[in-house]
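A short write-up of the structure that comes next.
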Amino acid sequence: MRPFEVELRRAALPLVRPFRTSRGAETDKHVLLLQWRTEGPHGPVSGWAECGADPEPTYYPEYIDTVTRALVDVLVPMAREVAAADGPFLPRLRTALDDVPGMPLAKAALESAALDAELRAAGMPLSTYLGGHRDRIPVGVSVGIADSIDDLLDWVGGYLEDGYHRVKLKVRPGWDVEPVRAVREAFGDDLPLQVDANQAYRTSDIPHLLTFERFGLLLIEQPFPADDLLAHARLAADLRTPVCLDESITSLGSAAAAIALRATDAINIKPARVGGYLTARSIHDLAAAHGIPCFCGGMLETGVGRAMNLALAGLPNFTLPGDISATSRYFAQDITQSFELVDSCLVPPTGPGSGADVDLDAVEEVTSARITC
Ligand code: NPG
């Protein structure tokens, strides 16, 4: 492996609409961007990745400051040691990262930047490397908690006009039955509709959650705390509507445990949450072997992460529409090319690596701090 340096940038992009879930509200997408700079066979190469961490530990224990320290103090120096030794770099980096406890968001960001750089140097698209085979990725839209039912119906109506065919509603105690009923009444029983509670319920809410059966939902996502697989298994045993896990699935091992306990009927795979695209692919394969359908999750990514997620979502067991909406659903101005909806699908880029064309001027404009390590 050739010498490299990694530049970390802290950046913020205004969202076109605030995004509120049971865990908090965001008006801007705060992001840590990684640029992995090295020499390729034909000159300098940059691999890009974004980290899924938020400024605060809202969804996951890691946040931007802890990820930055982990990268600067531990993970980048470790990658440099791996690069100095003989043998193929990416598999040995994966093994070294696996030996460090925790920190999946930081590890995912580093491995993704290295992977993007290696693939750009080799001229290979990430989708080819991962084994993705689709050139159209069915996607849906995730709709945050609104101030009123009228606002929610306006938003959902707008997204349907934009061409989305699958809607996910964020729910929490006090904002669940009414919004779901209102959306069903306004847009019909045929609309593919699912809900996501982001861990907001407790086992005592199981009788209440059973009443969701009448809405004919595609799935109910992560009703209970991430570490409570047994609560999900109890609900899944009593509910015909599929139960889907998101925050509970942080590794291949946790996916295997959830499947063995029958705690999940479907899996939302977020590469950032599981430590990277290679582990995401392993979880996809495990789920496929057990007949568990998957969808590729989203974390309001910029085009950098969106391009990578589209490459992953081309794998065959991503049979449920992904949380990967068009650029315009998130940003007026992104830092890469825009991704547009075509027949409720997005088209994965075909260029080498992630295929994201990073606009350096746009990146400069949104950057507030940087460190090179
Ligand atoms: O379209 O990217 C998107 C958003 C999809 O709902 C979505 N993401 O809980 O899955 C989630 C939620 C999320 C957003 C989680 C940001 C973590 C950070």
Criterion first (open to solvent by 10 Å² or more (accessible area, probe 1.4 Å), free of Cβ contacts under 8 Å to residues at least 24 places away in the same chain and more than 16 Å from the ligand (Cβ to nearest atom)) does ALA182 satisfy it? no
What is the residue count in the stretch 184-210 for residues that are more than 26 Å from the chain's Cα centre (by Cα), of a type outside the set (Asp, Glu) and in a loop (DSSP other than H, G, I, E, B)? 1
Filter result for the condition that a residue is touching a residue at least 12 places away in the same chain (Cβ under 8 Å), open to solvent by less than 30 Å² (accessible area, probe 1.4 Å) and part of a loop (DSSP other than H, G, I, E, B), over LEU217, LEU152, LEU169: LEU217
Given (1) farther than 23 Å from ASP205 by Cβ; (2) open to solvent by less than 10 Å² (accessible area, probe 1.4 Å), GLY253 misses just (2)
Test: THR241 is among the polar types (S, T, N, Q) and part of a loop (DSSP other than H, G, I, E, B): yes
When restricted to THR68, THR27, THR58, the only residue touching a strand residue (DSSP E or B) at 6+ places or on another chain (Cβ under 7 Å) and modelled with pLDDT under 95 is THR58
Looking only at the stretch 139-159, count how many residues are within 16 Å of the ligand (Cβ to nearest atom) and either under 18 Å from PRO18 (Cβ atoms) or not β-branched (Val, Ile, Thr) (or both). 12
Is one or more of the residues making up the stretch 99-115 within 16 Å of the ligand (Cβ to nearest atom), in contact with a strand residue (DSSP E or B) (Cβ under 8 Å, 6 or more places away or on another chain), within 25 Å of GLY351 (Cβ to Cβ) and open to solvent by 10 Å² or more (accessible area, probe 1.4 Å)? no
I'd like the full set of residues that are within 16 Å of the ligand (Cβ to nearest atom) and either in contact with a strand residue (DSSP E or B) (Cβ under 7 Å, 6 or more places away or on another chain) or closer than 21 Å to VAL141 by Cβ (or both), limited to the stretch 200-232. ALA200, LEU217, LEU218, LEU219, ILE220, GLU221, GLN222, PRO223, HIS232
Residues of the stretch 14-33 that turn out to be touching a Ser or Thr at 6+ places or on another chain (Cβ under 9 Å) and hydroxyl-bearing (Ser, Thr, Tyr), as a count: 1
Within the stretch 360-369, restricting to residues that are more than 13 Å from GLN35 (Cβ to Cβ) and not small (Gly, Ala, Ser), the one that is surrounded by the most Cβ atoms within 10 Å (Cβ to Cβ) is VAL366
Can you find a residue in the stretch 296-317 that is open to solvent by 20 Å² or more (accessible area, probe 1.4 Å) and either more than 16 Å from the ligand (Cβ to nearest atom) or in contact with a His (Cβ under 8 Å, 6 or more places away or on another chain) (or both)? yes
Out of all the residues in the stretch 255-292, which are within 16 Å of the ligand (Cβ to nearest atom) and β-branched (Val, Ile, Thr)? THR264, ILE267, ILE269, VAL274, ILE283
What's the total number of residues in the stretch 323-346 that are of a type in the set (D, E, K, R) and open to solvent by 60 Å² or more (accessible area, probe 1.4 Å)? 2
Those residues of the stretch 220-238 which are of a type in the set (A, V, I, L, M, F, W, C) and either open to solvent by less than 50 Å² (accessible area, probe 1.4 Å) or assigned to a loop (DSSP other than H, G, I, E, B) (or both) amount to ILE220, PHE224, ALA226, LEU229, ALA231, ALA233, LEU235, ALA236
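The values are calculated or read from the model by the stated rules, or taken from the named source; none is laboratory data. Treat the numbers as computed from the prediction; the structure is a model and nothing was measured. Neighbour counts run over all protein chains shown; Cβ positions are idealised from the backbone, glycine included. Accessible surface is based on the protein model in full, side chains and every heavy atom, while ligands, DNA and RNA are left aside. Shrake-Rupley method; radii C 1.70, N 1.55, O 1.52, S 1.80 Å.
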